[in-house]
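J.: Got a structure here, written out as structure tokens. Questions coming.
Throughout, read-outs are computed from the coordinates displayed, never taken from laboratory work. Quick caveat: nothing in here was measured; it's all calculated off a predicted structure. All Cβ positions, even for glycine, are placed from backbone atoms using ideal geometry, and neighbour counts span all protein chains on display.
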Amino acid sequence: MMKKIVTYALMAGLCATLLSGCGSTRVNRVDTNQEIALTDKWNDKDSSLVSEEMIGDMLSFPWIRDFKRDNGGDKPTVIIQRVRNKSHEHIAADTFLNDLKRAIIRSGDARFVASSDERADVREERADQELNAKKAKAMGNETAADFALSGSINSFVDQLDGDRVTTYQVDLKLINMETNEEVWNGQKKLKKLQEKSSFGW
């Protein structure tokens, strides 16, 4: 009888330990540059890597050398028009656009001008500044864009027996605002494999 009681007590203790272990949650701070891929979805690391690689490729093409040659060494000015999300999932487009902007500005090879919405806010602020002549910034001194960057994000999913391969394809192009010439066209693909777990629970 005593042996049965001990056995039941051990089993109860083991079950309690397992249940408490499955239900526990632990949160740790990690380096923001560290990639933590819990799923095959597009994440912040994908956005950063793709933007840096594609802007680096864009700035390596002859258009930038030709522009500086024809404009006394001046840097070209770039504006981002739109990057359409045509993928199967929600992607924070603003995050990707900001990564593209940072890559352009950080390169030091080109200048970047704000979008139409951002320029409207700046114009409104300048109009307010006219009330105080000492602090007012001159109107009509905005820098015009020489080139416009636009593109799209697409995705393709292949799935079998719980395993899934997701491919993301980013296409960007750079257009000369004066001539409408396409001076650069870039493409970057990311492929992610999500495998079914071998554990049943």
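J.: Pairs to check: LYS101/LYS196; LYS86/LYS173; LYS41/LYS86; LYS86/LYS191; LYS86/LYS192. Give those whose C-alpha atoms are more than 26 Å from each other in this structure.
T.: As for pairs spanning more than 26 Å Cα to Cα, those are LYS101/LYS196.
J.: Amide H to amide H, which residues 5 or more places from MET177 or on other chains are under 5 Å from it, using H placed in the peptide plane?
T.: PHE147, ALA148
J.: How would you order 40-47, 55-62, 175-182 from highest to lowest mean count of nearby Cβ atoms within 10 Å?
T.: Ranking, from highest mean packing down: 40-47, 55-62, 175-182.
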